[in-house]
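Reading through the structure tokens given below for one structure.
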Amino acid sequence: MTQKKKIGVFVLGPLDRSPRMLNHTLSLGEFTKFDVDFIGYKGSSMPQKLQDYKDNIHIVPIDTSVIDSLKSLPKVFYLFYVLARIVVQIT
């Protein structure tokens with residue numbers, strides 16, 4: 001049995017607040033024979049359009065619990081976190 005090829009659409013933000021990437025995902029799901037993974041932060045509500053293509057479009061939410069917990073810290077600690085991330089990404 002041959003396995004279907006996959007395409008991933010990555011969103012660096014909430015999936016429901018990215019209309020352009022949603023349109024890309026829907027087009028790939030409708031006009032290609034690929035399985036499409038829609039990857040990003042889980043939004044509050046997903047558009048109904050996405051529900052029509054459940055067979056070949058799969059929503060893959062990214063866990064934001066760490067980011068949410070850091071946002072509740074005082075701004076000074078969050079600043080150190082951001083600086084550490086920049087240093088890690090540069091090296």
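The values are calculated or read from the model by the stated rules, or taken from the named source; none is laboratory data. What you see is a predicted model, and the numbers here were worked out from it, not measured in a lab. Neighbour counts run over all protein chains shown; Cβ positions are idealised from the backbone, glycine included.
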Out of the residues in segment 23-48 meeting the condition of being among the charged types (D, E, K, R) and touching a residue at least 24 places away in the same chain (Cβ under 8 Å), tell me which one is farthest from Gly13 (Cα to Cα).
Lys33
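For segment 14-38, what are the residues that are of a type in the set (A, V, I, L, M, F, W, C), at pLDDT 85 or above and surrounded by 18 or more Cβ atoms within 10 Å (Cβ to Cβ)? Full working, then the answer.
Going residue by residue through segment 14-38, those that are of a type in the set (A, V, I, L, M, F, W, C) are 15, 21-22, 26, 28, 31, 34, 36, 38.
Pick out the ones that are also at pLDDT 85 or above and you get 21-22, 26, 28, 31, 34, 36, 38.
Of everything in segment 14-38, those that are of a type in the set (A, V, I, L, M, F, W, C), at pLDDT 85 or above and surrounded by 18 or more Cβ atoms within 10 Å (Cβ to Cβ) turn out to be Met21, Leu22, Leu26, Leu28, Val36, Phe38.
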When you scan segment 56-72, how many residues do you find that are polar (S, T, N, Q) and assigned to a loop (DSSP other than H, G, I, E, B)?
3
Within segment 4-13, residues surrounded by 17 or more Cβ atoms within 10 Å (Cβ to Cβ) and more than 17 Å from Asn56 (Cα to Cα) come out as Val11
